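A short worksheet on the structure shown next.
The values are calculated or read from the model by the stated rules, or taken from the named source; none is laboratory data. Here the structure is a predicted model, which is why all the values come from computation and not from measurement. Cβ placement follows ideal geometry from the backbone for every residue including glycine, while neighbour counts extend to all protein chains displayed.
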Amino acid sequence: MSVLLSAVATLGAIGAGSAAILYFVGRKFHVEEDPRIEKVQEALPAANCGGCGFPGCASFANACVKAETLDDLYCPVGGQETMDRVAGILGKSAATAAKKIAVVRCSGSCDERPRLNLYDGVSNCAIAAALYGGDTGCSFGCLGLGDCEESCTFDAIHINPATMLPEVVEDKCTACGACVKACPKDIIELRKQGPKSRRIYVSCVNKDKGAVAKKACNVACIGCSKCQQVCPFEAITIENNLAFIIDDKCRLCRKCVPVCPTNSILELNFPPRKETAPAVKEEVTANA
């Protein structure tokens, strides 16, 4: 009996000593958390999507509190309204940021980009991209296996079964960037949503020379520079046989769209163009 009591007493002493040590260690290394972090986190949408560049909303809230300004911090899911609330909590000002949306820079549907072979592997874009260039003559285009769709937690992008291309649901897209990261071909880009959701961009990422690109896809950019020549705002660059419209410089004048010989420049949500009346030829009657 005495042996049992001795063992219990010994264990109790060890436990009490350990608790005391942990208490003093905890007190010594205790870090006070700024109460504003919790308030900022409550103001965030709790999506934990990583679109802000941080692992989750808690990390983003911590960064907002510690930052001197909010100029380089933005929650794409909550948008400007959320950032204004965060600024109000912290007594800082939030810079106005243009709302962005995901765009798919590939128009190579089954009709425009004929299939040359049949992929019979895992239905995953990342794996397919690592194995070969794709089942068409364009090694730059969309594989259509849906990694972008699976990555989106907002149900904002889907593969169209007819075209085998992803389509963005504008009302649901939060510009979190998950689909951008998921695409191994880098064909998805975040661009300014634009006034009335109007946007113009080159829907192609093919960097092959014109003849090769055109042979692989009817709507491929051939780098002819016609769009660049008519742009009055110097918003179009040509690099590696590919045209690119600079988001910050484009004024949506649409002059580049009709001159593109392959229709690779898309204009979204614009009103229909006015048809130009054909010129009337005057009949000249010879004097008798």
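Could you tell me which numbered condition Val86 fails, if it satisfies all but one of (1) closer than 28 Å to Asp247 by Cα; (2) outside any helix (DSSP H, G or I); (3) aliphatic (A, V, I, L, M)?
All conditions are met except number (2).
Look at segment 45-84 and say how many of its residues are hydrophobic (A, V, I, L, M, F, W, C) and within 16 Å of Thr153 (Cα to Cα).
Taking segment 45-84 first, the residues hydrophobic (A, V, I, L, M, F, W, C) are 46-47, 49, 52, 54, 57-58, 60-61, 63-65, 67, 70, 73, 75, 77, 83.
Now restrict to residues that are within 16 Å of Thr153 (Cα to Cα): 46-47, 49, 52, 57, 75, 77.
The total comes to 7.
Take the residues in segment 217-234 that are more than 26 Å from the chain's Cα centre (by Cα) and not charged (D, E, K, R); name whichever of them is surrounded by the fewest Cβ atoms within 10 Å (Cβ to Cβ).
The first filter runs over segment 217-234 and keeps only residues more than 26 Å from the chain's Cα centre (by Cα), leaving 224-226, 229-230, 232.
Right, trim to not charged (D, E, K, R) and you get 224-225, 229-230, 232.
Details: Cys224: 16, Ser225: 12, Gln229: 12, Val230: 15, Pro232: 9.
It comes out as Pro232.
Inside segment 228-266, can you point out the residues that are touching a residue at least 40 places away in the same chain (Cβ under 8 Å), in a loop (DSSP other than H, G, I, E, B) and among the small types (Gly, Ala, Ser)?
Of everything in segment 228-266, just one residue is touching a residue at least 40 places away in the same chain (Cβ under 8 Å), in a loop (DSSP other than H, G, I, E, B) and among the small types (Gly, Ala, Ser), namely Ser264.
Condition first: of a type in the set (S, T, N, Q) and either modelled with pLDDT of 75 or more or surrounded by 10 or more Cβ atoms within 10 Å (Cβ to Cβ) (or both). Now tell me which residues in segment 1-51 satisfy that. Steps first, please.
First, pick out the residues of segment 1-51 that are of a type in the set (S, T, N, Q): 2, 6, 10, 18, 41, 48.
Across segment 1-51, the qualifying residues are Ser6, Thr10, Ser18, Gln41, Asn48.
Conditions: (1) in the same structural domain as His158 (by TED's automatic domain parsing); (2) at pLDDT below 90. Ala95 meets all but one. Number of the miss?
Tallying (1) in the same structural domain as His158 (by TED's automatic domain parsing); (2) at pLDDT below 90, Ala95 fails exactly one: (1).
Go through Ala129, Ala162 for me and flag whichever is more than 20 Å from Asn218 (Cα to Cα), over 15 Å from the mean Cα position of the chain (by Cα) and touching a residue at least 40 places away in the same chain (Cβ under 8 Å). Outline the logic, then answer.
Working: Ala162 fails: more than 20 Å from Asn218 (Cα to Cα).
Just a single option satisfies the conditions, and that option is Ala129.
Considering only residues that are buried (at least 17 other Cβ atoms within 10 Å of the Cβ) and farther than 18 Å from Pro76 by Cα, which ones fall in segment 185-200?
Those that are buried (at least 17 other Cβ atoms within 10 Å of the Cβ) and farther than 18 Å from Pro76 by Cα: Lys185, Ile187, Arg199, Ile200.
Limited to segment 42-83, what total is found for residues that are without any contact (Cβ under 8 Å) to a residue 12 or more places away in the chain, outside any loop (DSSP other than H, G, I, E, B) and hydrophobic (A, V, I, L, M, F, W, C)?
Matching residues across segment 42-83 total 1.
Looking at segment 106-126, which of the residues that are without any contact (Cβ under 8 Å) to a residue 40 or more places away in the chain and under 17 Å from Cys179 (Cβ atoms) is surrounded by the fewest Cβ atoms within 10 Å (Cβ to Cβ)?
If we take residues in segment 106-126 being without any contact (Cβ under 8 Å) to a residue 40 or more places away in the chain and under 17 Å from Cys179 (Cβ atoms), then Ser123 is surrounded by the fewest Cβ atoms within 10 Å (Cβ to Cβ).
Only residues that are surrounded by 18 or more Cβ atoms within 10 Å (Cβ to Cβ), within 30 Å of Asn269 (Cα to Cα) and among the hydrophobic types (A, V, I, L, M, F, W, C): list them for segment 65-105, please.
The answer is Leu73, Cys75, Val77, Met83, Ala94, Ile101, Ala102, Val103, Val104.
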